[in-house]
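Some notes on the structure that comes next.
Please treat every number below as a calculation from the coordinates, not as lab data. Worth saying up front: this structure is predicted, and the values here are computed from it rather than measured. Note that each Cβ is placed from the backbone with ideal geometry, even for glycine, and that neighbours are counted across all protein chains shown.
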Amino acid sequence: MDNTEFETVADVVPLYPNSSQLDDIFAELELSLPFVEDNSWGNLLRFTDNLTDPIHRWFLFKEGYSYKLVDKILDRFKLPRNSSAILDPFSGSGTTLLAAQKRGIPSVGLEINPFAVFLGRIKTQWHRIDPEILEKELLLVLQDNKNTPAKLPDLSTLHKKKYFPNGHAYELLRLRNAILHRECSQEIKDILLLALLASIEDVCCLHKDGRLLRFFPRDIIPPKEAMFNRTKIIIEDLVDWVKADSNQENFLPQTHVIEGDSRHLDSILDKHKISHQFGLILYSPPYPNNFDYSEIYKCELWFGGFINSYQEWRNLRLRTFRSHPSCSFPETHYLKDNVDLREIYQLVEKLAKCPDIGEPESKARSRAPKVIRGYFDDVYLMLQQQKLRLEHGGYIVCVVGNSRHGNLHIRADTIIAKIGQEIGLNLVEISVARHRHSRSQQVQKLRESLVIFQKNS
């Protein structure tokens, strides 16, 4: 008789390991991977250096890394040939692109957030701005006393007086309207709008803190004063750069900033008639930590006119990397359906079904499994696309941090490394740049690493 007839439920239903058992599984797996502790990268994973560097400092993009990281990577990993270009498929505020521009290297950035696209384009097109005209137009905008109708966008946050006291939300909107009605070049209008959007945190009681905008009562200044201060910084940088090299514009390489989804990289580049491959693909994707950047930068999105309705906001969220549970993303099964990735799929399933994700019936318990599965399916898609566009001998440098869900430690660097290996990329090393504390559990330190691949010649 076939003994399988007498299997019990316990025999056929897999038991998924708890967080401690998963720690052991990953510890054994990581023995076979080229981990290197190198804290010389650590400070370069912060935006701090950019706060004092010309052009980079035009907008505080907390999630960005230092421009010095780009320089160090370019010094260490030589591009396959002199004409190689750099790609950043999560270009954010444009740090990679501006650093490449300074070194005379062509670059392309892809970004899903329309405000970040706007920011990256302006910073990399600094050479098109005449500082004297900008200063003149700034004064005219600030002197515009027309009673322009100022109907606030629908976003409820903008209507709360404790967030925007003293009518500052309406004043911001009046300044935006004054900019839009100026009879000047689009470049000047855009740079004035950027200065205005960079002023938002100066004039309100909201502070970008982790994955949220938090109420933070503090001394604030009027919008006109804030915009004046921000624009003067821009003018100062432009004057200094023009003095440094009046002919610099003639030697600037091509730089493209494109709104698009990194998971569809190849077709988007084809659409924009960018056919070449890249010697270096450098980026930092969202970490699997529940951060929704369309929430964090919602004031800039709405005040800037990049989002005009809740439906548009929802549509933007649905296009983002599945690193957060802010909306109900469609489910996919890319890892599951790929026989070559079966081992990685099973590893991800152990994470998704770990009993230590959160308390029973908690939101974390219901949301985290979808985030984990969706995130690593998206990682697979992005790496596949990057491989298509990577030159032979070229490098991929993925800057990523690990995270926690409840007591579960998500080792994103390890799984990204394994996916890259399985799709045929050569894993050069996983360089651990620093260990940071979990927000919720100060005892547990989480790695931030550079996962470095090369495409074999």
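Mind pulling the angle between the C-alpha long axis of helix 363-389 and the longest principal axis of the chain? Nearest 10 degrees, somewhere in 0 to 90.
Approximately 80 degrees, to the nearest 10.
Let me know the charge dipole size of the chain about its Cα centre in debye, to the nearest 20, where only the beta-carbon of Lys, Arg (+1) and Asp, Glu (-1) is charged.
Roughly 1140 debye for the chain.
Note the full-extension length gain between LYS62 and ASP75 as 0.36 nm times their separation in residues minus their Cα-Cα distance, in nm to one decimal.
Contour length minus Cα-Cα distance gives 2.2 nm.
Which is farthest toward the positive dipole end of segment 131-244 among ILE233, SER185, LEU175, measuring Cα position about the Cα centre, with Cβ charges +1 (Lys, Arg) and -1 (Asp, Glu)?
The Cα lying farthest towards the positive end belongs to LEU175.
For every helix of n ≥ 4 consecutive DSSP H residues, a contribution of -39,500 (n - 2.57) applies; sum these over the chain, divide by its total residues, and give [θ] at 222 nm rounded to the nearest 500 deg cm²/dmol.
-12500 deg cm²/dmol
Suppose each label sits 7 Å from its Cα in the direction of the beta carbon; what would the PHE216-LYS232 distance come out to in nanometres?
My value for the distance between the label points is 2.3 nm.
For segment 131-244, evaluate the Debye formula with one uniform point scatterer on each Cα (no solvent term) and list log10 I(q)/I(0) at q = 0.11 Å⁻¹, rounded to two decimals.
-0.38
For segment 19-167, what is the charge dipole size about the Cα centre, in debye to the nearest 20, if Lys and Arg each add +1 at the Cβ and Asp and Glu each add -1 at the Cβ?
For segment 19-167, the charge dipole is close to 740 debye.
Amide H to amide H, which residues 5 or more places from ARG404 or on other chains are under 5 Å from it, using H placed in the peptide plane?
Here the answer is ILE410, since their amide H atoms fall under 5 Å of that of ARG404.
Got a sec to turn the phi values of segment 336-349 into Karplus ³J(HN,Hα) couplings, 6.51 cos²θ - 1.76 cosθ + 1.60 with θ = phi - 60°, whole Hz, x for Gly and Pro?
5, 7, 9, 4, 5, 10, 4, 5, 5, 4, 5, 5, 5, 5
Where does each of LYS387, LYS298, LYS151 land when they are ranked from fewest to most other beta-carbon atoms within 10 angstrom?
So the residues, fewest neighbours to most, are LYS151, LYS387, LYS298.
Using θ = phi - 60° and the Karplus relation 6.51 cos²θ - 1.76 cosθ + 1.60, list the HN-Hα couplings for segment 207-213 in order, rounded to whole Hz, with x at every Gly or Pro.
Coupling constants for segment 207-213: 9, 6, 9, x, 8, 10, 8 Hz.
Cross-chain or 8 or more residues apart, Cα under 15 Å: how many lysine pairs in segment 344-426 fit that? Count them up, please.
So the count of such lysine pairs works out to 4.
When the chain is fully extended, how far beyond the present Cα-Cα distance does THR157 get from LYS353, taking 0.36 nm per residue of separation?
Full-extension gain reported as 67.0 nm.
Average the reciprocal distances over every distinct pair of alpha-carbons in the chain, invert the result, and give the Kirkwood radius in Å.
It is 23.7 Å.
For the chain, what's the relative contact order in percent, using C-alpha pairs closer than 8 Å and at least 6 residues apart?
Rounded, it is 19 percent for the chain.
Going down the table (LYS161/LYS298; LYS68/LYS273; LYS232/LYS273), which pairs top 28 Å between alpha carbons?
Too far apart for the 28 Å limit: LYS68/LYS273; LYS232/LYS273.
Can you list residues whose amide H is under 5 Å from GLY260's amide H, if they're 5+ apart or on another chain and H is modeled 1.01 Å from N?
HN-HN under 5 Å from GLY260: GLU111, ILE112.
From the backbone phi of segment 125-136, what are the Karplus-calculated ³J(HN,Hα) couplings (6.51 cos²θ - 1.76 cosθ + 1.60, θ = phi - 60°) in whole Hz, Gly and Pro given as x?
Each residue of segment 125-136 in turn: 10, 4, 5, 8, 9, 8, x, 5, 5, 4, 5, 4 Hz.
With each label point set 7 Å from Cα along the Cα-Cβ vector, what nm distance links LYS336 and ARG103?
Here the answer is 4.2 nm between the modelled labels.
To make sure I understand, if each residue's beta carbon is the centre and we count other beta carbons within 10 Å, what order do ASP88, ASP202 fall in, fewest to most?
ASP202, ASP88
Suppose R0 equals 22 Å. What FRET efficiency, 1/(1 + (r/R0)^6) with r the Cβ-Cβ distance, do ARG314 and HIS264 give to the nearest 0.05?
0.65
Relative to the longest principal Cα axis of the chain, at what angle does helix 310-319 sit, 0 to 90 degrees, rounded to 10?
50 degrees
Please give the charge dipole size of segment 131-244, origin at the Cα centre, charges +1 on K and R Cβ atoms and -1 on D and E Cβ atoms. Round to the nearest 20 debye.
Roughly 640 debye, rounded to the nearest 20.
Compute the distance in nm between two label points, each set 7 Å from the Cα along the Cα-to-Cβ direction, one at GLU429 and one at GLU135.
Label-label distance for GLU429 and GLU135, simple model: 4.8 nm.
Counting only other residues whose beta carbon sits under 9 Å from that of ARG436, what net charge do I get with K and R as +1, D and E as -1?
That sum, taken over residues with Cβ under 9 Å, equals +2.
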